[in-house]
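Reading through the structure tokens given below for one structure.
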Amino acid sequence: DGVAMAESMRDYLCRSRSRELPLTDLAPVVSHVAELLTPILQGTLGPGCPRLTLDLAPSFTHADPGEVHRAVTALVYNAARQCGPRNTITLRTRADARRACIEVEDDGPGLPEDVLRQAKAPFYTTLPGTLDGLGLAIADGVARVSDGSLSIRPGSQGGTRIIMALSLASQPNP
């Protein structure tokens, strides 16, 4: 339930601050989320479920890959529930001079400005009949553990764009 998930996230944040996080390439983590979620979304949402597309580049950070996986899964699932038939959800990984980023962008109806402002609050949801409202709060917590941030803004094609920016780590030598 939601309270157990919130307690689990609190425990994770406390543990993660006291240990060294492994070097993680975000691209394979995001690719694995897409591979796992595609059949689940098709089974849950039916033939009108959004299509997932990938635009992945190596992006290294120090983060727990399992927690990043959980965060991205929540972000994709949220986007899929907001989108309608024939929409697309694009998953991107990229690195700039300071950050390794994961972007989840959909071309659905988007979120009003007042919702964008409060969307990261635990248990806040816009979806009737759901009891969770933790996806964005979980992703925000995972980002913060890696000295990062989570931003939510309008997408480039309408819809919503969520950027999980984590601290950049050097790419390992081959």
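The values are calculated or read from the model by the stated rules, or taken from the named source; none is laboratory data. In this text the structure is predicted, and so the values were computed from the model without any measurement. Cβ placement follows ideal geometry from the backbone for every residue including glycine, while neighbour counts extend to all protein chains displayed. The area values use the complete protein model at the heavy-atom level, side chains included, leaving out ligands, DNA and RNA. Shrake-Rupley method; radii C 1.70, N 1.55, O 1.52, S 1.80 Å.
Structural remarks
- Matching residues in the stretch 40-57 - criterion: being under 17 Å from the mean Cα position of the chain (by Cα) and not polar (S, T, N, Q): Ile40, Leu41, Pro50, Arg51, Leu52, Leu54, Asp55, Leu56, Ala57
- For the stretch 55-92, filtering for residues that are assigned to a helix (DSSP H, G or I), within 21 Å of Gln42 (Cα to Cα) and either free of Cβ contacts under 8 Å to residues at least 24 places away in the same chain or of a type in the set (Val, Ile, Thr) (or both) leaves 3.
- Residue check, Asp114 at pLDDT 75 or above, charged (D, E, K, R) and closer than 22 Å to Gln42 by Cα: no
- Qualifying position, being within 16 Å of Glu103 (Cα to Cα), at pLDDT 80 or above, open to solvent by less than 20 Å² (accessible area, probe 1.4 Å) and not β-branched (Val, Ile, Thr), among Leu56, Leu52, Leu75, Leu41: Leu75
- Among the residues of the stretch 124-145, those identified as modelled with pLDDT of 85 or more and not hydrophobic (A, V, I, L, M, F, W, C) are Asp140, Gly141, Arg144.
- Taken over the stretch 145-160, the criterion of being open to solvent by less than 60 Å² (accessible area, probe 1.4 Å), in a strand (DSSP E or B) and without any contact (Cβ under 8 Å) to a residue 60 or more places away in the chain is satisfied by Ser149, Leu150, Ser151, Ile152, Gly158.
- Just so you know, in the stretch 62-72 the residues that are within 17 Å of His32 (Cα to Cα) and not aliphatic (A, V, I, L, M) include one that is surrounded by the most Cβ atoms within 10 Å (Cβ to Cβ), and it is Glu67.
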